[in-house]
Amino acid sequence: MRTTITVPAYAKINLGLRVLGKRPDGFHELRTVFQTISLADRLTITYTPATRTVITVEGMPDVPDNLAARAAQAVLTELNLEAAVQIHIEKRIPMGAGLGGGSSDAAAVLQALPALASCPIPMPRLFQLAVPLGSDVPFFLLGGTALGLGRGEELYPLQDLPPIQGVLITPDIHVSTPDAYRALSLTLTDPATKLASFQESVRRPLLEPLVNDFESVVFAQHPQLAAIKDSLLRQGANQALMSGSGSSVFAFFRTAGEASKVDTPDLIRFQFIPRT
């Protein structure tokens, strides 16, 4: 029987991102706090039992190795099912902006497709399926506010943060994450100091200055992003930071009135989305 569901796939921002060094497995050891925000893609997923598996993704540019399609295949393989799976993505989260749109889409498929097939997968197993898809995918199964360690896949839920007046700037700039890591690897120093300041920011969320280690190298490559952050601070933001490896920049304001006065191109207003 054919079944269909429409679900949101929320974006994330990083409330601080510290890179401690390269690990033996070739990845980097990270410390970050993830936060889901109200900006979201909208996925309509249709499941039809079939004699052979066909997975199609519509509504967005043709991306090689699409994460949503890989997530669908992972679910079908786990459940030993053959099916026609159609995924339509109403894309609202800019691609390549450090907001985790592709990872969030994948997590939405991991959660929705077992329900459509009437074959639930326990959450611990879903987390195991999420890890090979990407370091951010496990977080989107959790949502809300969470401490991320390791590659970002080791997660610890944190208390939901209070409502915030936030704005997000998403310029038409694509930042290559591998290039950003390569450039950053040449500048990494003193992980102990980074850990101390990061731990303090976790203890006092949004009160301590937020730091993203990628800003130094990405701003050097794209001075426009540094100018966006400076503009937000001049307009009264009490915190402004690039998310992930870029290129989006977010800012928080003390009141709705202050946030409403921000006049910057490519602006999106957002709220925090708590864990559900």
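The values are calculated or read from the model by the stated rules, or taken from the named source; none is laboratory data. In this text the structure is predicted, and so the values were computed from the model without any measurement. A quick note on method: Cβ atoms are made from the backbone with ideal geometry, for glycine too, and the neighbour counts reach across all protein chains shown.
Here are some notes:
- Count of residues meeting criterion [more than 17 Å from G246 (Cα to Cα) and buried (at least 17 other Cβ atoms within 10 Å of the Cβ)] in region 92-126: 14
- Considered as a group, the residues in region 82-115 that are among the β-branched types (V, I, T) and not in a strand (DSSP E or B) include one that is nearest to A50 (Cα to Cα), and that residue is V109.
- Scanning region 119-131 for residues that are assigned to a loop (DSSP other than H, G, I, E, B) and either closer than 13 Å to A74 by Cα or free of Cβ contacts under 8 Å to residues at least 24 places away in the same chain (or both) gives P120, I121, P122.
- Scan of region 51-69 for residues that are surrounded by fewer than 17 Cβ atoms within 10 Å (Cβ to Cβ), at negative phi and not in a strand (DSSP E or B), ordered by number: T51, R52, T53, P61, D62, V63, P64
- Residue check, A40 assigned by TED's automatic domain parsing to the domain that holds G144, within 21 Å of the chain's Cα centre (by Cα) and not in a strand (DSSP E or B): no
- Some residue of region 173-189 being within 30 Å of L126 (Cα to Cα) and of a type in the set (F, W, Y): yes
- Flag if V131 is within 21 Å of T6 (Cβ to Cβ) and out of contact with any Cys (no Cβ under 9 Å at 6 or more places or on another chain): no
- If you go through region 18-50 and keep only what is hydrophobic (A, V, I, L, M, F, W, C), at pLDDT below 95 and either surrounded by 20 or more Cβ atoms within 10 Å (Cβ to Cβ) or more than 21 Å from P138 (Cβ to Cβ) (or both), you end up with V19, L30.
- A9 being surrounded by 18 or more Cβ atoms within 10 Å (Cβ to Cβ), in a strand (DSSP E or B), out of contact with any Asp or Glu (no Cβ under 8 Å at 6 or more places or on another chain) and of a type in the set (A, V, I, L, M): no
- Of all residues in region 1-26, those being closer than 18 Å to V217 by Cα and in contact with a Gly (Cβ under 9 Å, 6 or more places away or on another chain) number 2.
- Meets criteria (crowded, with 19+ Cβ neighbours inside 10 Å, touching a Ser or Thr at 6+ places or on another chain (Cβ under 7 Å) and not in a loop (DSSP other than H, G, I, E, B)) for A180: yes
- When residues of region 183-231 are limited to those that are surrounded by fewer than 18 Cβ atoms within 10 Å (Cβ to Cβ) and among the charged types (D, E, K, R), the one farthest from the chain's Cα centre (by Cα): D190
- Condition met for T48 (of a type in the set (S, T, N, Q), more than 20 Å from the chain's Cα centre (by Cα) and assigned to a strand (DSSP E or B)): yes
- Taken over region 135-171, the criterion of being touching a strand residue (DSSP E or B) at 6+ places or on another chain (Cβ under 6 Å), in a strand (DSSP E or B) and of a type outside the set (S, T, Y) is satisfied by A146, L147, G148, L155, P157, Q165, G166, V167, L168, I169.
- The residues of region 151-170 that are crowded, with 17+ Cβ neighbours inside 10 Å and under 17 Å from the mean Cα position of the chain (by Cα), listed by number, are R151, G152, E153, L155, L158, G166, V167, L168, I169, T170.
- Pair list, Cβ under 6 Å, 6 or more apart: region 102-117 residue of a type in the set (S, T, N, Q), other residue modelled with pLDDT under 95: S103/G134; S103/D136
- Close contacts from region 82-94, counting a first residue that is over 15 Å from V57 (Cα atoms) and in contact (Cβ under 8 Å) with a residue 12 or more places away in the chain and a second that is among the small types (G, A, S) and in a strand (DSSP E or B), with Cβ to Cβ under 6 Å and a gap of 6+ residues or different chains, come to I93/A11.
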